[in-house]
Every structure is written in structure tokens, then in C-alpha cells.
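Below is one structure, written out as C-alpha cells, with a few remarks after it.
The values are calculated or read from the model by the stated rules, or taken from the named source; none is laboratory data. Being a predicted model, the structure only gives us computed values, none of them experimental. No Cβ is skipped: glycine too gets one built from the backbone with ideal geometry, and neighbour counts run over all protein chains shown.
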Amino acid sequence: MAKKKEKKTTIEWDYAPAPESTSHIEVKDRYDLYIGGKFVKPSGGKYFATYNPATEDKLAEVAYANEKDIDKAVKAARKAYNEVWSKTTPAERAKYIYRIARMMQERARELAVIETLDAGKVIRESRDVDVPLACNHFFYYAGWADKLEYAFPNREVEALGVAGQIIPWNFPLLMAAWKIAPALAAGNTVVLKPAETTPLTALKLAEIIHEAGLPAGVVNIVTGYGDTGAAIVNHDDVDKIAFTGSTGVGKIIQKAIAGTGKKATLELGGKSANIILDDAPIDQAVEGIINGIFFNQGHVCCAGSRLFVQESVADIVIKKLKRRMDTLIVGNPLDKNTDVGAINSKEQLDTIAKYIKIGKDEGATIHQSNCKLPKNGFYCAPTIFTDVAQSSTIVQEEIFGPVLTVQTFRTVDEVIQKANNTPYGLAAGVWTDKGSRIFNLTTKLNAGVVWANTYNKFDPTSPFGGYKESGFGREGGLHGLSAYVKLK
Ligand code: ADP
């Protein structure tokens, strides 16, 4: 019998454009460094541009901090720690953190639009996920600031001192919140560096922090490239490094601080398994797979980038998945209908393209969404690879883009082995109707976070972090607080 040809879904109609307005936002032409409660010029006089990856338009110029600037920022943070913040009562600290959260909420629309402009992520996600979650982190940790004795019963709690914090470009404001809120609640002062391609919301946060009246030097925000980050890591007077970024840079940081007594938490790369068992609710699972890999263009360290489907349901899952992928709206991130926005930078787009080529060269079958990509800006069509092997490069290495690999399995033991056969261990997803199967898998998967019948769910109360090359330490919840305290 002739094989039925698979029908390709094409959207025959378009949504009317629904662009979010940019009239209420203010982006300056040039931003300085926020050190010691003031916006100051970089000592080397250098600035670099930040672009909108959706259009390639220049958004602003941002100061490029060198070692001297970092020294100034660390000194300001030390002075603020010694003279003010360590003497501020916990209840007062809580009030400041709470005030920052409220002011972020008041400016939520502006923060969401700027995040979308600078990062390329869709406005629906900046508006409904990034910004509210960032506010919630400040609210949550404000609550702990004056309850540390309950957080760590029967222990004496002391802050670490000055925390150096380096964050990536995929969730710029949210990562700043993950880092700053628990550090302040535990009584530390901060020097934070946002990523070079997405500095604007951290600088907006600096303005909010300033308006909130936080004592000078408690939070310092410095912009620059990798060498700026390295200057923070290598500064003698930093007590703790909190880093989120690539595994490569994580390893450099770990080597740099070895033997220095600096504490560290590293949240690095991932290649997380999303596992669909034969009794899973198929339609919900397909939505979960889509969300797992295409949320934020796949620029998610815990993205469900390796899909494992039990053989008996593989055909139907893959068919529905392709059909659903083809309906995703790719394009202008400021449009409220858009599902998949712009890739964060030309460099990242090149990396993704390199992996797509490797996938094809290694013999995998590619299925790409037949969407129309905008002419300007950096875009990648959502992509699925089938016919991959455990040893395929695209199965082994983190791509950090909208690219999913699909493997099948027969038994639960087999999928546990395959899922764990990776250098990473950040997250995993399990889809099944049975609690017992969830329990079995979640206890055997080597991942810091395991979601059951959902994916990419975050909450300030719940710890997040990895095993193996995905790093160590946890952020969020009580665990996140304990990374910023000395217990006696
Ligand atoms: P990505 O691959 O996501 O760009 P990186 O690890 O390169 O991740 O970047 C994450 C953050 O680390 C950015 O803020 C970047 O500027 C910073 N960074 C890059 N290299 C170094 C380094 N050697 N030391 C400290 N920070 C660095």
C-alpha cells in the first residue's frame, strides 16, 4: 500500500498586527556605570553599543568598565557593607527590597518593552513571565530579610560581604533579580554585571534602586564584556561570585577562584531531557514540548532540547508536534501575537546555524517550520531533528536555540540511561498519567529540577540549579538564601 503523504500545515490567514507601544519608554542615548550611588563615566572613557536584535537598530551606548572601574565598584560595595548595610536592621533591609519590588511593578510595562527591544524576546513573555517573576523574587526575599533566624533555626547567620554577580543575556532582568534580591536580604552588598548584549534593563533597575533610596554602594551595576566580568571574579575583595552563563566561562571562573576562599554558585549550561511516556496526555505533552524548546527562542539553560518519546506513541507525537510547530508565529517580538522572537545576537545565530549544519551533515532528518522570517534582524525558524543517535553532536552539545532533537525509547530503564548520558544535569521533564512512574523517573534522573506534566515553570520559592557541568549551588527559595550567608 502506498504510504500516505504527510500533509504540511500552512497558515492560510494572518493575525492583524498587534504591536506593543514603545511610546511610554525612555531609553537614553548613553548609559554610565552605577557605582557608589551615582552614575559615573567609565575611567577608560569607552562605550559600546547595544542593538535591537529584531531590527539590528542601535538602542543605546553603554559604558565599558575596566579593572579600575571594577575596583571602584568593589570599594564602594565594601564601604557600604562595613558602614551602612551590615548595620541596617533586617526589618529596614526588608523595606528597601520591598520598595524596589513595588517600583518595578509600577514600571512593569516599561521594563517589559525594554527587555523585548534589547533581548529580542517576545513581549508576551517579557510582560507575563520575566518582569512579574523578577518582581516576585524581590517580594519573596523581602519577606525573608527579617526572618533569617527562622530560615536557619538555631544558627547564627552572618552575611558574606561583597557579592560579585555576573549574568547572561537570556533573562536579563530576571537574572538580575535572582542575584540581587537574596544577596540584599541576607545582608550583602553587590557588584553586578549584565551581559554585553542586554544591559538595558539592569541599568533601568539601577535607576529604580536609586529612586528607592537604597544607601549608596549597596548595589553597583557595571557594564562591559567578558574582561569586565573577569575583573570582578579576580578582585581580591570580593567574597562571593554568583555566575550564570556558559559552562566554558564557568570553568574559567572556577579555576580563577580556586584556593582564594571566595564562595561561588555557578549556574551553567544544559541539555535537558523531556520524556514522553506512552500513557502521557498527548496533546498536553505536545504543548509542553513546544514550550520546553521554543520558549524564549530556546535561549533557556534548562530548555527541553532532547525529546525522548516512547516508541508506541512516537509517530503520533511527532506528527502532532510538527503540525503544532508549523503554527508558531515567528517574527517581531514586540507584536503580542508572536510566539518566537529574535535570536539574541548575530553571533548566537551563527552558532545555531553551525549546529543545524552539523545535524544535517551527520545524517539527521530536519523539519523546519515554514514560517516567513523578517528580512532584517536575527531569526531562526523553529527546527526539529529526527533520526539522531545518542552520539550525534546535536544531541550531546548545548545549542541554545530553537532546535529540538527527537529520540525514541522502549523501556523506562532505557530512557533513564539515555537521559542521564550527558555531561549536563540541569533539568528534565516527564509526561505520564501515573504518579508512580513520575516518582520512579524523578528519583533516577540526574537533574536539579524535574518537572512532571509541565515544563519551564519557575517560582521564587523553589530552588533551581544543576549537577555535573550544569554547575553547583541553588538559586531561589531557602537554598538561594543560604548561598549568601555564613552559618555559625
Ligand atoms: P553566553 O554563551 O551565554 O554568552 P557567557 O558565559 O559567555 O555566556 O556570558 C555570560 C556572562 O559572563 C556575560 O555577562 C559575559 O560578559 C560574562 N563573561 C564572559 N567571559 C567571562 C570571564 N572570563 N569571566 C567572567 N565573566 C565573563
Name the pairs whose Cβ atoms lie under 8 Å apart, with the first residue in the stretch 235-256 and in the same structural domain as residue 71 (by TED's automatic domain parsing) and over 23 Å from residue 271 (Cα atoms), the second near the ligand (Cβ under 10 Å from one of its atoms) and small (Gly, Ala, Ser), and 6 or more positions between them or separate chains?
235/164; 238/164; 240/164; 241/164; 256/230
Criterion: of a type in the set (S, T, N, Q), away from the ligand (no atom under 16 Å from the Cβ) and either over 17 Å from residue 120 (Cα atoms) or within 25 Å of the chain's Cα centre (by Cα) (or both) - qualifying residue of 312, 305, 345
312
Candidates 289, 366, 343, 316, filtered to the one that is touching a His at 6+ places or on another chain (Cβ under 9 Å) and among the aliphatic types (A, V, I, L, M)
343
Flagged in the stretch 219-256 as of a type in the set (D, E, K, R) and within 11 Å of the ligand (Cβ to nearest atom), in numbering order, are 227, 251, 255
Take the stretch 19-59 and flag every residue that is over 26 Å from the mean Cα position of the chain (by Cα), surrounded by 11 or more Cβ atoms within 10 Å (Cβ to Cβ) and outside any strand (DSSP E or B).
36, 37, 41, 42, 43, 44, 46
Is one or more of the residues making up the stretch 206-219 surrounded by 24 or more Cβ atoms within 10 Å (Cβ to Cβ), farther than 21 Å from residue 69 by Cβ and not small (Gly, Ala, Ser)?
no
State which residue is surrounded by the fewest Cβ atoms within 10 Å (Cβ to Cβ) when the search covers only the stretch 305-329 and only residues that are in a helix (DSSP H, G or I) and in contact with a strand residue (DSSP E or B) (Cβ under 8 Å, 6 or more places away or on another chain).
311
Residues in the stretch 143-158: is at least one in contact with an Asp or Glu (Cβ under 9 Å, 6 or more places away or on another chain), among the basic types (Lys, Arg) and surrounded by fewer than 21 Cβ atoms within 10 Å (Cβ to Cβ)?
yes
Yes or no: residue 168 within 20 Å of residue 227 (Cβ to Cβ), within 14 Å of the ligand (Cβ to nearest atom) and surrounded by 24 or more Cβ atoms within 10 Å (Cβ to Cβ)?
no
If I filter the stretch 190-213 for residues that are more than 13 Å from the ligand (Cβ to nearest atom), within 18 Å of residue 159 (Cβ to Cβ), in a loop (DSSP other than H, G, I, E, B) and at pLDDT 95 or above, do I get at least one hit?
no
When you go through 187, 224, 229 one by one, which is the residue that is buried (at least 24 other Cβ atoms within 10 Å of the Cβ), in contact with a strand residue (DSSP E or B) (Cβ under 8 Å, 6 or more places away or on another chain) and more than 24 Å from residue 466 (Cα to Cα)?
224
Considering only the stretch 239-277, state which residues are surrounded by fewer than 16 Cβ atoms within 10 Å (Cβ to Cβ), in contact with an Asp or Glu (Cβ under 9 Å, 6 or more places away or on another chain) and more than 20 Å from residue 175 (Cβ to Cβ).
260, 261
Spot the failing condition for residue 195; the list is (1) in contact with a strand residue (DSSP E or B) (Cβ under 9 Å, 6 or more places away or on another chain); (2) touching a residue at least 60 places away in the same chain (Cβ under 8 Å), and only one is missed.
(2)
